[in-house]
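Asker: Below is one structure. I have some questions about it.
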Number of protein chains: 2
Amino acid sequence: MLNLENAVERLKDILAQADDNLLKEELDNLHSADIAELFEELDEDERLKCFNVMPEDDAAELLEFLSPQLQVEILSEIDEEKASSIILKMPHDSVADVLGDLDDNDSENYLNKLPERISNQIRELLSYPEDSAGGIMNSDVLTVDKDMTVDEVVSFLRIKAETDKVEFLYIYVTDKSGHLLGVLSLRSLFTTPKYVKVEDIMIKDLVKVHVEDDQEVAAETLSKYGLLAVPVVDHYDKLKGIVTWDDAQDVVEEETTEEILQSSGISAAEYDDDELLEGTIRKSVKARTPWLAVTLLGEFIATIVAKNYDGTLNQLPIIAIFMPLLAGLGGNIGTQSITLMVRGLSTGQVSMSDAFVQIWRESRVGITIGATFGLITALVTWGWHNNVILGVVVGTAMAVNMVMATIIGTVTPFILKKINIDPAIASGPVIATTIDVLGLAVYFSLVTFSLRWLV
Amino acid sequence: MLNLENAVERLKDILAQADDNLLKEELDNLHSADIAELFEELDEDERLKCFNVMPEDDAAELLEFLSPQLQVEILSEIDEEKASSIILKMPHDSVADVLGDLDDNDSENYLNKLPERISNQIRELLSYPEDSAGGIMNSDVLTVDKDMTVDEVVSFLRIKAETDKVEFLYIYVTDKSGHLLGVLSLRSLFTTPKYVKVEDIMIKDLVKVHVEDDQEVAAETLSKYGLLAVPVVDHYDKLKGIVTWDDAQDVVEEETTEEILQSSGISAAEYDDDELLEGTIRKSVKARTPWLAVTLLGEFIATIVAKNYDGTLNQLPIIAIFMPLLAGLGGNIGTQSITLMVRGLSTGQVSMSDAFVQIWRESRVGITIGATFGLITALVTWGWHNNVILGVVVGTAMAVNMVMATIIGTVTPFILKKINIDPAIASGPVIATTIDVLGLAVYFSLVTFSLRWLV
């Protein structure tokens, strides 16, 4: 792969020389994906200079690899005529993505400049929700009529390959009014006699998704059935587009980000990750406050629990200094168990029927680690404070706390899933607080019980 | 998609009737991916009954969709002759995966039963590290000689399509001794005159990876360049295999799991996630202990910090009950910032050059939320304990703590990345502990300073 630092330096050198031919040659030798990476390191002026010397075909390809911010930046700066003819060379779904990120005026402007057939298709794509199958599909699909023969299909493909950028993954078969009937593999074209009708060799049991399905459904379908593309149909079973493996890849990345952010208590489902990193402070605060508020409530309960033992605290204030130690380790090992279970449930490596096996397994892990850490804590505390009973009390609290945290962390995701709450959302902050409350209760009970030997 | 519950019930009904023809018919109507999903819900006996009535082609396809555990279960139970002929129908990389999961004896047994050419290829695949490009590639590649004409290639493809299961993604061009020279698209075959040599139409600037490259490099290459497959070469630039988009998808899922588990302090790089969910307790304990030990050390430091203020604690023991409240919210908001930055750096949405923008942005988010939560805490504490000074002290500590946690959580991933430590690994537990220690110091300093008005 490209050495980014060297390449940036080289490109900046050439830009400094202001020699358009040299610049063009340099860019011509680079893959669009590499240029897109370099663009992130250039300033706006440099990016525009590069973009302007590139042939339109290359510029169109580059645009697809750029981040939405850079797409908007470039399209708002370059000559409008040029921009329109570049847009015309891009796949429809990419155009819809780019235009969706421009403001409405600019986007209307571009749409009006495109041929009507294409602008209508793109308007339709823009009309689907951004996170639906319709919103991510490409409407430019390779379709043939059910009555065509293999020979006719091959001639048709020959023309398509020369004139069009349509993807050659599968060939879909429709009737005259566009209803999806089946799918052909390129492979079958090689092995079937020329005069056979495609209707007779197409695969009829095909997997498809609906335009209004969530994008996640489309991505899961592709991944489950190991497909390169899945057709998207409307209510009348008319073929509207395809979602391809690279669209699905983007969806998976987006959903994973959502899952990861949610695990730390950020309401990521309602906000784009872009918004959380670059949007208004107000949106970020709104996305992050709900679960913090739940934590605040939970921790006030912890405070009330602790307050109950103020008699004990008054008699032996020193016990307070071990509270963060217990809470820290309980929280940590509990989070490990939650994370293992939530991720396992999400990838399918753990299923609901594994619940008891996993709970039993994690309990043993918790007991092993809890006993060890409890012992270490007991010894250190005994040595430090020269008080064997204090050592035993803190060590026991540590062990009980860690075992409890492991079990709660393992059980809760299964319970949440059972009652149809997404374990990824609710687990983290709620469990951490629960562990805090229970841990404190255990610790203070132990201390109170042992008070006569401690004071 | 399939309604799993209904389908399981139906299948179990049919199994109960013990009618092989009915069972065969039912399975014939289901996609292998669906059968694989159903298999997870059946018991061992039922799975074997199903597998035994399936035609060998379908059985081979099903095997690819099954989890490693079920693959091993089935292959060790069914007739060896049948197993060998099913294995022969699977792609080489899948066979290598399956045999890699069997114990050495069984795997040797099967290898010896396969034709020598194939068993040699599979032995070679098995010789690469499991997480290298060589370990995940498929050695069965569509290659043509550079001197062939387009017409010859088309005839060759016709034969391949009939006799072989090789994938039709790209056609690679090699010389007589197997050195990789270029790649052809199927598309170009449709548009080039028949007598042209492939050498003249192949793309020579092709992206490739090395057998010994990490699997992650292969997956990133595919994703960056938007490819369906990437060729894998050895030291002599000889073509050894291809890594396809579905292999890459598995790698991405594996790496994401690793990233997620590491964020909770599980050393997931050295252990398979399978091992962490199903391996020995000893392995799980070893994977989970290192960062817990770091936390233990850090929290003991927190305890020492708190111990420093035992004079204050003795005079006003009640202040101890607010410790979990402060630690809980500091830890929570800090984790949110870490998670946002670590994930952003990992997907590329945040780059090192964004560091100061993000730190400034997160600081403002932290100040907004911290001020709000500080105010709420102050009011609640004032009302509850009827002590306005206590309210001000606890509220201020809350605000300072939350702002500090946000900034530490945002800054640390950038610093770690700058000094070439993976932010995903070190961030979580270390930062949580740091926040605990600093938060306690701030709180106790505030209380000590205000003591004369509090007691």
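The values are calculated or read from the model by the stated rules, or taken from the named source; none is laboratory data. Just so you know, these numbers come straight off a predicted model, no measurement behind them. Here Cβ is always computed from backbone atoms with ideal geometry, including for glycine, and neighbour counts include all displayed protein chains.
Asker: Which is assigned by TED's automatic domain parsing to the domain that holds A:Tyr170 and either farther than 21 Å from B:Thr410 by Cα or surrounded by fewer than 20 Cβ atoms within 10 Å (Cβ to Cβ) (or both), of A:Asp250, A:Asp234? If you could, list the steps in order and put the result at the bottom.
Answerer: Numbers: A:Asp250 fails: assigned by TED's automatic domain parsing to the domain that holds A:Tyr170.
After ruling out the rest, the residue left standing is A:Asp234.
Asker: List the helices (runs of 4 or more DSSP H) inside region A:370-455, counting only whole elements, that have at least 1 residues being modelled with pLDDT of 90 or more. Lay out the reasoning, then the answer.
Answerer: Values: elements: A:388-418, A:423-449, A:451-454.
Here the list reads A:388-418, A:423-449.
Asker: While we're on this one: Exactly one of (1) within 13 Å of chain B (Cβ to nearest Cβ); (2) assigned to a helix (DSSP H, G or I) is unmet by A:Phe356. Its number?
Answerer: Here A:Phe356 clears every test but (1).
Asker: Still on this structure, please answer the following. If you check B:Val350 against the conditions, is it of a type outside the set (Ser, Thr, Tyr) and either under 26 Å from B:His385 (Cα atoms) or more than 7 Å from every other protein chain (Cβ to nearest Cβ) (or both)? Write out each step before concluding.
Answerer: On the way: of a type outside the set (Ser, Thr, Tyr): yes; either under 26 Å from B:His385 (Cα atoms) or more than 7 Å from every other protein chain (Cβ to nearest Cβ) (or both): no.
Criteria not met by B:Val350.
Asker: Of the residues that sit in region B:149-158 and are touching a Phe, Trp or Tyr at 6+ places or on another chain (Cβ under 9 Å) and within 11 Å of chain A (Cβ to nearest Cβ), which one is surrounded by the most Cβ atoms within 10 Å (Cβ to Cβ)?
Answerer: Just the residues of region B:149-158 that are touching a Phe, Trp or Tyr at 6+ places or on another chain (Cβ under 9 Å), to begin with: B:149-151, B:154, B:157-158.
Subsequent filtering for residues that are within 11 Å of chain A (Cβ to nearest Cβ) retains B:154, B:157-158.
Details: B:Val154: 14, B:Leu157: 22, B:Arg158: 14.
Step by step, filter region B:149-158, then rank; the result is B:Leu157.
Asker: Within region A:91-148, take every residue that is part of a helix (DSSP H, G or I) and acidic (Asp, Glu) and give me the one that is surrounded by the most Cβ atoms within 10 Å (Cβ to Cβ). Explain how you work it out, then say what you get.
Answerer: Pass one, region A:91-148, residues part of a helix (DSSP H, G or I): A:92-101, A:104-113, A:116-127, A:133-136.
Filter again for acidic (Asp, Glu), leaving A:93, A:97, A:101, A:104, A:106, A:108, A:116, A:124.
Numbers: A:Asp93: 22, A:Asp97: 20, A:Asp101: 16, A:Asp104: 8, A:Asp106: 16, A:Glu108: 14, A:Glu116: 9, A:Glu124: 16.
Result: A:Asp93.
Asker: Any idea which residue in region A:230-255 is farthest from the other protein chains (Cβ to nearest Cβ), counting only those that are under 16 Å from B:Ala248 (Cα atoms) and not acidic (Asp, Glu)? Don't jump to the end; show me each part of the working.
Answerer: The initial filter retains those residues of region A:230-255 that are under 16 Å from B:Ala248 (Cα atoms), namely A:244-253.
Restricting the remaining residues to those that are not acidic (Asp, Glu) gives A:244-245, A:248-249, A:251-252.
On the way: A:Thr244: 10, A:Trp245: 5, A:Ala248: 8, A:Gln249: 6, A:Val251: 12, A:Val252: 7 Å.
It comes out as A:Val251.
Asker: Still on this model: When region A:275-284 is examined, which residues are found to be more than 16 Å from B:Thr339 (Cβ to Cβ) and in a helix (DSSP H, G or I)? So that I can check it myself, show each step before the final result.
Answerer: First pass over region A:275-284, keeping only residues more than 16 Å from B:Thr339 (Cβ to Cβ): A:278-283.
Passing the criteria: A:Glu278, A:Ile281, A:Arg282, A:Lys283.
Asker: Could you tell me which of the residues A:Leu261, A:Leu329, A:Leu313, A:Leu297 is modelled with pLDDT of 90 or more, surrounded by 22 or more Cβ atoms within 10 Å (Cβ to Cβ) and either assigned to a helix (DSSP H, G or I) or outside the structural domain of A:Gly182 (by TED's automatic domain parsing) (or both)? Before you say what the answer is, go through the steps one by one.
Answerer: Working: A:Leu261 fails: modelled with pLDDT of 90 or more; A:Leu313 fails: modelled with pLDDT of 90 or more; A:Leu297 fails: surrounded by 22 or more Cβ atoms within 10 Å (Cβ to Cβ).
The match here is A:Leu329.
Asker: State which residue is nearest to A:His31 (Cα to Cα) when the search covers only region B:227-242 and only residues that are aliphatic (A, V, I, L, M) and touching a Gly at 6+ places or on another chain (Cβ under 8 Å).
Answerer: The initial filter retains those residues of region B:227-242 that are aliphatic (A, V, I, L, M), namely B:227-230, B:232-233, B:239, B:242.
Then keep just the ones that are touching a Gly at 6+ places or on another chain (Cβ under 8 Å); that gives B:232, B:239.
Details: B:Val232: 19, B:Leu239: 22 Å.
Step by step, filter region B:227-242, then rank; the result is B:Val232.
Asker: It is to be established whether one or more residues within region A:269-292 are crowded, with 23+ Cβ neighbours inside 10 Å, on the phi < 0 side of the Ramachandran plot, modelled with pLDDT of 85 or more and within 14 Å of the chain's Cα centre (by Cα).
Answerer: no
Asker: Counting only residues that are in a helix (DSSP H, G or I), charged (D, E, K, R) and surrounded by fewer than 15 Cβ atoms within 10 Å (Cβ to Cβ), how many does region A:159-205 have? Give the derivation first.
Answerer: Residues of region A:159-205 that are in a helix (DSSP H, G or I), as a first pass: A:159-163, A:186-191, A:198-201.
Checking which are charged (D, E, K, R) leaves us with A:160, A:162, A:187, A:199-200.
With the extra rule that they be surrounded by fewer than 15 Cβ atoms within 10 Å (Cβ to Cβ), the set shrinks to A:162, A:200.
Total satisfying the criteria: 2.
Asker: Out of curiosity, is A:Ala83 at negative phi, crowded, with 19+ Cβ neighbours inside 10 Å, not aromatic (Phe, Trp, Tyr) and not assigned by TED's automatic domain parsing to the domain that holds A:Thr163?
Answerer: Values: at negative phi: yes; crowded, with 19+ Cβ neighbours inside 10 Å: yes; not aromatic (Phe, Trp, Tyr): yes; not assigned by TED's automatic domain parsing to the domain that holds A:Thr163: yes.
For A:Ala83, the condition - at negative phi, crowded, with 19+ Cβ neighbours inside 10 Å, not aromatic (Phe, Trp, Tyr) and not assigned by TED's automatic domain parsing to the domain that holds A:Thr163 - is met.
Asker: When region A:101-135 is examined, which residues are found to be over 22 Å from A:Asp213 (Cα atoms) and hydrophobic (A, V, I, L, M, F, W, C)?
Answerer: Answer for region A:101-135, where residues must be over 22 Å from A:Asp213 (Cα atoms) and hydrophobic (A, V, I, L, M, F, W, C): A:Leu102, A:Leu111, A:Leu114, A:Ile118.
Asker: What pairs can you find where one residue is in region A:310-338 and more than 7 Å from chain B (Cβ to nearest Cβ), the other is in a loop (DSSP other than H, G, I, E, B), and their Cβ atoms are less than 7 Å apart, with a gap of 6+ or different chains?
Answerer: Hits for this filter: A:Gln315/A:Val455; A:Leu316/A:Val455.
Asker: Might you let me know whether region B:385-394 holds any residue that is within 11 Å of chain A (Cβ to nearest Cβ) and farther than 23 Å from A:Gly265 by Cα? Full working, then the answer.
Answerer: Quick first cut of region B:385-394, residues within 11 Å of chain A (Cβ to nearest Cβ) only: B:385, B:394.
Still in the running and farther than 23 Å from A:Gly265 by Cα: B:385, B:394.
Checked region B:385-394: at least one residue is within 11 Å of chain A (Cβ to nearest Cβ) and farther than 23 Å from A:Gly265 by Cα.
So that you can scan it fast, the table gives a plain yes or no per residue for (1) within 20 Å of B:Pro429 (Cβ to Cβ); (2) without any contact (Cβ under 8 Å) to a residue 60 or more places away in the chain:
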site: A:Gly391; (1), (2): no, yes
site: A:Val394; (1), (2): no, no
site: A:Val411; (1), (2): no, yes
site: A:Gly439; (1), (2): yes, no
site: A:Leu451; (1), (2): no, no
site: A:Leu454; (1), (2): no, no
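Asker: Taking A:Glu220, is it away from chain B (no Cβ under 14 Å) and in a helix (DSSP H, G or I)? If you could, list the steps in order and put the result at the bottom.
Answerer: Details: away from chain B (no Cβ under 14 Å): no; in a helix (DSSP H, G or I): yes.
Criteria not met by A:Glu220.
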